[in-house]
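Engineer: Please see the structure below; I have some questions.
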Amino acid sequence: MPLDSALTPERAVLWLRGDARPFALVGDWLGTAAVLGSEPLRVAPSDCERFDLLDELPEVAAATGPGRSVAVGGEDAVVGGGWVGWLGYGLGAQVERLPPAPPVPVARPLFSLAFYDHVILYDGEGWWFEALWTADREDALQERLALWRERLSAEPPPARAVATTPFEVAANGSRGHVAAVADCRRRIVEGEILQANVCLRLEADLDGELLDLFARALPAARPRFGALLDGVVSLSPERFLRREGRRVQTEPMKGTRPRAGEEAARRAAHDALVDSTKDAAEHVMIVDLMRNDLGRVCEYGSISVAPARVEAHAGVWQMVSTVSGRLREDVGDGGLLRATFPPGSVTGAPKVQAMKVIATLEATRRELYTGAVGIVSPLAGLDLSVAIRTFEAHRGRIWFGAGGGIVAGSDPELELAEAFTKAAGPLQAIGGRMADAGSRRGLTSARVRAALSYGRRPDPTHGVFETVLVHDGEPVALDEHLERLAGSVAAVYDVMIEPRAATQARALAATATGTARLRILADADGSLAMSVSPEPPRGEAPVLLSPFTLPGGLGCHKWRDRALLEALAAHVPGAVPLLIDTDGLVLEAAHANLWLVEGAALLTPPADGRILPGVTRGALLAGECVAREEPIEFERLARADAVFLTSSISRRRAARVSA
């Protein structure tokens, strides 16, 4: 049904404020200029089969009644409705066997999908109300039609103010990214992989709503695949998959140059990209990977590759190719996604091994970033973008990923600069900016072993736990331990722990005599198991610390999966593993927080998301005026007057670092 309106998409999206699960797709989605919607008919549950869900589309007959008649499969078939949302990078672990990912500063679900039986569409000339009309939804759809007629006939309320603090590199900072690129290049030279896409994470505080952020960014960035979704503002330039009928195509991007000027600059960028051995190698490998991915589900002999082209996007020129094929008749959208997800342009080659390298080298877990955003309609088919140039937000924090493909000829410092170049345009579009890069700290000594050479990161699905000291039946600082446990369960699993936990813990602790330890184990559903055991006597000799590097550390949760720490301890019998990030900063010991004594000062690494904020550590910071948090370089340990550890069980214990 036509809607009389002169609003632009960036103005119309403001009418979505206050609606349930609003979305806006603006740019080049499904061959139209904008698709808006809200109030979905169905929201996908967290335990569903994510990819197969995309095949659950209604049978659609030809339209009848007033308005524009739409023939199924005809030229005028547009959208009508369908599944809209995003698929996080972590879903790749459901397709391939991958090691656990790095810690995540702000946890979000693996995916977000909802089914809409009506949308508002802008075709570049006018607005339309489109619906997958059914008799039982007629009254509701008539109300929605009337509402959108009223809305689009008037100017929406103005956009509200939105602001962010300066974006900073999360976890191990710029130096950590340089170290990751250098290690990736070493793996390529040694033959482990051909290419990997290595990324960093930029974070800031957010004051305002993503709706206003999106409305502000649209006219500035003019993205090809702009999207406002559940906790997401995407300004992606890259198409992942487009399926129309049985035809499917992907458009991988590889090769980047800063953008300045227009046609003359485009020609210069084109020549520079084409003539660059590094960029050409990066591009050709990913095109070949995507051709192979599509070949797994397309008819034999149907795959074709168009010549590469150079496109202008926010702040950059990028080299793009189009790979096309015809899906086999037995393959649906779910099968297409399982064969191709996550996008090859943001993983590497060979794809599975590159994803294992990514999990090893990156300091923070990718959430939506480098997954997919988009829509699948029973009329218009499927259209997904690659989730790059994408902002994610939750609980007052906003973050953004940036990186690039690493090949044998990559320069780590230039790769860091390229990541910042890619981030500059989107940040400018939302009115944000980068914080100062910070000091150029040296990297850790080459003699420090890499922790992930001896095991894998902790698997969050095993749960989290707390260990509480018990004196003569009384648990020490129980409330603080339970608060930390509840925070971890809420952040990682989005559930609450049992409400009677404190009562149960005190009752169990009361059965202990002398000094004991109370263990509280939490499962992913929030259920708890508790046990109490005598505390064995501990020695008085200083603890020997053996250093290992671990990008991003273990994070701020106490994981029940201790396999990595046990493997490190077994590698150096009699020593306790000391974790150091690849930026050269000390994090924590395997079971305790680290402290340095320098003169009258007591110093401990900051609780910046990379370490467990110990209860005893917190008490010492609160009770000692000379105690403070401060970044500590590994080389600084040797110059300290003393080193000691704190934990809830052993309290304070002297330590020394092995030579």
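The values are calculated or read from the model by the stated rules, or taken from the named source; none is laboratory data. This is a predicted model, so every value here is computed, not measured. As a convention, Cβ positions derive from the backbone with ideal geometry for all residues, glycine included, and neighbour counts pool all protein chains shown. Note: accessible area is taken over every heavy atom of the protein model, side chains too, but ligands, DNA and RNA are not part of it. Shrake-Rupley method; radii C 1.70, N 1.55, O 1.52, S 1.80 Å.
Engineer: So Arg50 fits all but one of (1) modelled with pLDDT of 95 or more; (2) of a type outside the set (A, V, I, L, M); (3) touching a helix residue (DSSP H, G or I) at 6+ places or on another chain (Cβ under 8 Å); what number is the exception?
Structural biologist: Only one criterion is unmet by Arg50, namely (1).
Engineer: Can I ask one more? Please work out which one of (1) buried (at least 22 other Cβ atoms within 10 Å of the Cβ); (2) at pLDDT 95 or above; (3) closer than 18 Å to Phe51 by Cβ is the condition Gly344 fails and give its number.
Structural biologist: That leaves (2) as the condition not met.
Engineer: Please state which of the following conditions Ala62 fails to meet, knowing it meets all the rest: (1) at pLDDT 95 or above; (2) surrounded by fewer than 20 Cβ atoms within 10 Å (Cβ to Cβ); (3) not in a helix (DSSP H, G or I).
Structural biologist: Ala62 satisfies every listed condition except (1).
Engineer: Within region 536-556, track down each residue that is touching a Ser or Thr at 6+ places or on another chain (Cβ under 7 Å) and surrounded by fewer than 22 Cβ atoms within 10 Å (Cβ to Cβ).
Structural biologist: The answer is Arg538, Leu544, Ser546.
Engineer: How many of the residues in region 325-334 are open to solvent by less than 20 Å² (accessible area, probe 1.4 Å) and either farther than 30 Å from Arg97 by Cβ or out of contact with any strand residue (DSSP E or B) (no Cβ under 7 Å at 6 or more places or on another chain) (or both)?
Structural biologist: 2
Engineer: Does region 624-637 include one or more residues that are part of a loop (DSSP other than H, G, I, E, B) and open to solvent by less than 10 Å² (accessible area, probe 1.4 Å)?
Structural biologist: yes
Engineer: From the list Gly208, Gly191, pick out the single residue that is open to solvent by 10 Å² or more (accessible area, probe 1.4 Å), farther than 15 Å from Tyr369 by Cβ and free of Cβ contacts under 8 Å to residues at least 40 places away in the same chain.
Structural biologist: Being open to solvent by 10 Å² or more (accessible area, probe 1.4 Å), farther than 15 Å from Tyr369 by Cβ and free of Cβ contacts under 8 Å to residues at least 40 places away in the same chain holds for just one of Gly208, Gly191, which is Gly191.
Engineer: Could you count how many residues in region 332-345 are in contact with a helix residue (DSSP H, G or I) (Cβ under 8 Å, 6 or more places away or on another chain) and aliphatic (A, V, I, L, M)?
Structural biologist: Residues in region 332-345 being in contact with a helix residue (DSSP H, G or I) (Cβ under 8 Å, 6 or more places away or on another chain) and aliphatic (A, V, I, L, M): 2 in total.
The rows are residues; the columns are (1) surrounded by 23 or more Cβ atoms within 10 Å (Cβ to Cβ); (2) part of a loop (DSSP other than H, G, I, E, B); (3) touching a His at 6+ places or on another chain (Cβ under 9 Å).
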| residue | (1), (2), (3) |
| --- | --- |
| Val373 | yes, no, no |
| Asp383 | yes, no, no |
| Gly403 | yes, no, yes |
| Leu414 | no, no, no |
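Engineer: Still on this structure, please answer the following. Out of the residues in region 1-41 that are among the charged types (D, E, K, R), open to solvent by 50 Å² or more (accessible area, probe 1.4 Å) and in contact with an Asp or Glu (Cβ under 9 Å, 6 or more places away or on another chain), state the one that is farthest from Ala114 (Cα to Cα).
Structural biologist: Arg11
Engineer: If Val305 meets every condition in (1) in contact with a Ser or Thr (Cβ under 7 Å, 6 or more places away or on another chain); (2) in contact (Cβ under 8 Å) with a residue 24 or more places away in the chain apart from one, which number is that one?
Structural biologist: Result: Val305 fails condition (2) only.
Engineer: Within region 90-106, track down each residue that is open to solvent by 30 Å² or more (accessible area, probe 1.4 Å) and either among the hydrophobic types (A, V, I, L, M, F, W, C) or in a helix (DSSP H, G or I) (or both).
Structural biologist: Within region 90-106, Ala93, Gln94, Val95, Leu98, Ala101 meet the criteria.
Engineer: Go through region 144-162 residue by residue and tally those that are surrounded by 17 or more Cβ atoms within 10 Å (Cβ to Cβ) and not hydrophobic (A, V, I, L, M, F, W, C).
Structural biologist: 2
Engineer: May I ask you to list the residues in region 609-622 that are part of a loop (DSSP other than H, G, I, E, B) and without any contact (Cβ under 8 Å) to a residue 40 or more places away in the chain?
Structural biologist: Within region 609-622, Gly614 is the sole residue that qualifies.
Engineer: Next question, about the same structure. Filter region 296-314 down to residues that are open to solvent by less than 40 Å² (accessible area, probe 1.4 Å) and closer than 16 Å to Gly335 by Cα, then give me how many there are.
Structural biologist: Total meeting the criteria: 2.
Residues are listed down the side, and each one gets a yes or a no for (1) charged (D, E, K, R); (2) within 18 Å of Ser236 (Cβ to Cβ); (3) over 19 Å from the mean Cα position of the chain (by Cα):
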| residue | (1), (2), (3) |
| --- | --- |
| Val357 | no, no, no |
| Gly374 | no, yes, no |
| Gly381 | no, no, yes |
| Arg397 | yes, no, no |
| Leu414 | no, no, yes |
| Leu427 | no, yes, no |
| Ala450 | no, no, yes |
| Ser453 | no, no, yes |
| Pro460 | no, no, no |
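Engineer: Would you point out the residue of region 285-338, among those that are acidic (Asp, Glu) and not in a helix (DSSP H, G or I), that is nearest to Pro223 (Cα to Cα)?
Structural biologist: Residue satisfying both the conditions and the ranking: Glu311.
Engineer: If Asp641 passes every condition in (1) over 28 Å from Leu478 (Cβ atoms); (2) open to solvent by less than 30 Å² (accessible area, probe 1.4 Å); (3) modelled with pLDDT of 95 or more but one, which one does it miss?
Structural biologist: All conditions are met except number (2).
Engineer: Another question, then. Considering region 191-244 alone, what residues qualify as being within 20 Å of Gly18 (Cα to Cα) and of a type in the set (Phe, Trp, Tyr)?
Structural biologist: Phe214
Engineer: Being open to solvent by 80 Å² or more (accessible area, probe 1.4 Å) and not in a loop (DSSP other than H, G, I, E, B) is the filter here; which residues of region 463-495 pass it?
Structural biologist: Matches in region 463-495: His471, Glu474, Asp479, Glu480, Glu483.
Engineer: Would you be able to tell me the number of residues in region 302-350 that are within 30 Å of Glu418 (Cα to Cα) and basic (Lys, Arg)?
Structural biologist: 1
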